[in-house]
Amino acid sequence: MKSYITVAKEHRIEYIVEKSRFIATAIPCETEEEAQAGIARINKEFWDATHNCTAYALGPGQEQQRSSDNGEPSGTAGKPMLEVLKKTGITNTLIVVTRYFGGIKLGAGGLIRAYSHSAAEVIHDAPKTLYAPRQIVALTIDYSYYGAIERFLQEQGYHYESEFAEQVRLLIYVDPADINTLATTMTNLTNGQQTWEPLEEKMVALPYND
């Protein structure tokens, strides 16, 4: 499993250069169908725009990449937008930059800068989610150890869930690289009075800050 970052929810910014309006929308999507549906929706919303240029990357390693200049000179819109996604590593994300022509031609260089800037700004401003592999571990302990264990997990930023019965059972989401270190720490905090059971590994959504 490979970690990746995507936009957490749809986000939009507006940028004006030489009286042309550039409206950039970033949309999370996981499939080609979702990306195409997002493009169709933006085309419908901004039906009177001069251009609706697009770029998207899909898959943990950006295995699928597509872009469109939508009538702008070749290579001046979709490709620069896609380069922003490639440079940032953001995936499972669609960017649509809508342009309303303001009457002043920008030239090829100006268009590349405008579309790149719009894409970069919407990606920078959008809230993001990190999807990372986590090993779920079941830790069973006596109630007397729960306070110390909970404090440690909170201080270290672990995500966990607690179940209370005759003993406390915690489901801890652990970076696979940290499994052995955490197991040793749990043994030390409980004087060995614990049960440690590795369960499944899965991708988990985590908050991400640039």
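We did not get these values from a lab; they are worked out from the coordinates using the rules stated. Quick caveat: nothing in here was measured; it's all calculated off a predicted structure. FYI the Cβ positions are ideal-geometry reconstructions off the backbone, even for glycines, and counts take in every protein chain you see.
Multiplying the residue separation of LYS86 and LEU130 by 0.36 nm and subtracting their alpha-carbon distance yields 14.2 nm.
Rg then Dmax, both in Å and based on the Cα atoms of the chain: 23.3, 75.
State log₁₀ I(q)/I(0) for segment 136-180 at q = 0.26 Å⁻¹ as given by the Debye formula over alpha-carbon point scatterers of equal weight, solvent excluded. Log-scaled intensity ratios, in q order: -0.99. Comparing THR31, THR98, THR54 in a Gaussian network model of the chain (Cα springs below 10 Å), the most mobile by mean-square fluctuation is THR31. If you run the Gaussian network model on the chain, springs between alpha carbon atoms under 10 Å, then out of GLN64, GLN154, GLN36 the most flexible one is GLN154. Computed with the Debye formula from one identical point scatterer per Cα of segment 9-70, without solvent, the log10 of I(q)/I(0) at q = 0.26 Å⁻¹ comes to -1.26. Taking VAL137, VAL84, VAL122 in turn, the Gaussian network model of the chain (Cα-Cα springs below 10 Å) assigns the largest fluctuation to VAL137.
For segment 78-198, the C-alpha radius of gyration sits at 1.78 times the compact-globule guess of 2.2 N^0.38 Å, with N the residue count.
Short to long, the 10 Å bins of the Cα pair-distance histogram for segment 130-208 hold 18, 57, 23, 3 percent of all pairs. Here the dipole of the chain is about 1020 debye; that uses its Cα centre as origin and unit charges on the Cβ of Lys and Arg (positive) and Asp and Glu (negative). The percentage of C-alpha pairs in segment 35-147 whose separation is greater than 23 Å is 39%. At a 10 Å Cβ-Cβ cut-off, how would you order TRP196, TRP47, fewest neighbours first? By the 10 Å Cβ count, ascending: TRP47, TRP196.
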